[in-house]
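Data first, discussion second: the structure below is written as C-alpha cells.
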Amino acid sequence: MQQHLTRWLPAIAKTAVARTTAVAQNRRAALTVAGVAALGGLAFAPTAVAAPVTSGPHAGAKAAIDLATGKKTATEAVTSGLTTGSDKVPTKADRPAREKLMPHGVEGAQSRIPLDDAQLDNAKAIVQAAKETGVGERGAVIGVATSLQESKLYNLGHLGAYNDHDSEGLFQQRPSSGWGTSEQITDPEYASKAFFGALKNVGGWQNLPLTSAAQTVQVSAYPYAYAQWEEQAADIVQQLW
C-alpha cells in the first residue's frame, strides 16, 4: 500500500505543496485565448436535456482517488460532527438560507469527509466562480457537491493506470471531451467556470434535483452519486458565501 501511495501522490496536482507558485500559473491559464474559446463554446452550446434521476444506492467516488488521497470511501457514512470543516471555514452573519441552498431537501443517505486546507482552498475557488458566473448559491452547492464526488475537492493530476481515461482536476474533466487542456482543467478557477458555463446550458437547472443537474453536465457512470454530498456542500457554501 505504501508503494502504491508513493506512486500516486505525485500525481495529485496543485494542492498545498504547490500553492504559492502553481496557483498563480493556473490563474493565468484560465485567461488564455484557448481558455476563453473553450468557455465560449460551452456557453453557446445547445441547451442540454436534463438527465433522469436514477434510484438505488449511490456508488462511492473512484477507489483510486480514495487511495491516492488517503480519504474514506464515499460510501462510508461518518457522523456530522466530524466533517463540516467548520473549524477551518469562517462564519458570516448573512449566510444564505438553507431553503435557497437545498430547495429540494436531500436525496438519500448523506456522506461527509473532513476538509484540509487544500480542499478548503478549492471549495473557495468554486464558490468564487459561482459568484462570477452568476449561478448563485444553488449553483455553488451543485458545483461543490460535484467536486466532492469527483475528486473529494482535490485538484487531481493524472493518476496513471488508475486514471479514468484522461480525466483531471476538481471536476475530473477530460481534454478529449473539449473541456480544455490539461493545464487549464487543473486550474481551479478555469475548471469551475467551465463547469458552471455548462450548467447554465441545462434547461431549468435551478429547479432540478442536484443529482440530475450535475449528471447532465458530467455524464457520469454513477449518476446518483452526487446526491450524497448535497448537505455537506450546502454547509460549505453557507459558510463561504
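The values are calculated or read from the model by the stated rules, or taken from the named source; none is laboratory data. None of these values were measured; they are calculated from a predicted model. Here Cβ is always computed from backbone atoms with ideal geometry, including for glycine, and neighbour counts include all displayed protein chains. In case anyone asks, the SASA skips ligands and DNA or RNA and just uses the protein heavy atoms, side chains included. Shrake-Rupley method; radii C 1.70, N 1.55, O 1.52, S 1.80 Å.
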- Item | Hits in the range 212-241 (condition: open to solvent by less than 10 Å² (accessible area, probe 1.4 Å) and within 16 Å of residue 140 (Cβ to Cβ)) | 213, 214, 226, 229, 230, 232, 233, 234, 236, 237
- Message: Looking at the structure I just gave you, is residue 234 closer than 24 Å to residue 97 by Cβ, modelled with pLDDT of 90 or more and touching a Ser or Thr at 6+ places or on another chain (Cβ under 9 Å)?
- Response: no
- Message: Whether any residue in the range 177-200 is open to solvent by less than 40 Å² (accessible area, probe 1.4 Å) and at positive phi is what I want to check.
- Response: yes
- Message: What are the pairs with Cβ atoms under 8 angstrom where one residue, in the range 112-134, is closer than 10 Å to residue 153 by Cβ and the other, located anywhere, is of a type in the set (Phe, Trp, Tyr) and surrounded by 17 or more Cβ atoms within 10 Å (Cβ to Cβ)? Sequence gap at least six, or different chains.
- Response: 118/154; 119/154; 122/154
- Output the number of the condition that residue 176 fails; it satisfies all remaining conditions of (1) without any contact (Cβ under 8 Å) to a residue 12 or more places away in the chain; (2) closer than 16 Å to residue 101 by Cβ. (2)
- Going by the structure shown, is residue 104 in contact with a Ser or Thr (Cβ under 8 Å, 6 or more places away or on another chain) and either touching a residue at least 60 places away in the same chain (Cβ under 8 Å) or open to solvent by 20 Å² or more (accessible area, probe 1.4 Å) (or both)? no
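Okay, residues lined up against (1) crowded, with 17+ Cβ neighbours inside 10 Å; (2) closer than 27 Å to residue 207 by Cβ; (3) among the hydrophobic types (A, V, I, L, M, F, W, C); (4) at pLDDT below 95:
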{"site": "111", "(1), (2), (3), (4)": "yes, yes, no, no"}
{"site": "152", "(1), (2), (3), (4)": "yes, no, no, no"}
{"site": "157", "(1), (2), (3), (4)": "yes, no, no, yes"}
{"site": "164", "(1), (2), (3), (4)": "no, no, no, yes"}
- Note on the structure: Taking the range 122-150 and keeping only residues that are buried (at least 24 other Cβ atoms within 10 Å of the Cβ), over 19 Å from residue 216 (Cβ atoms) and not small (Gly, Ala, Ser), one is left with 122
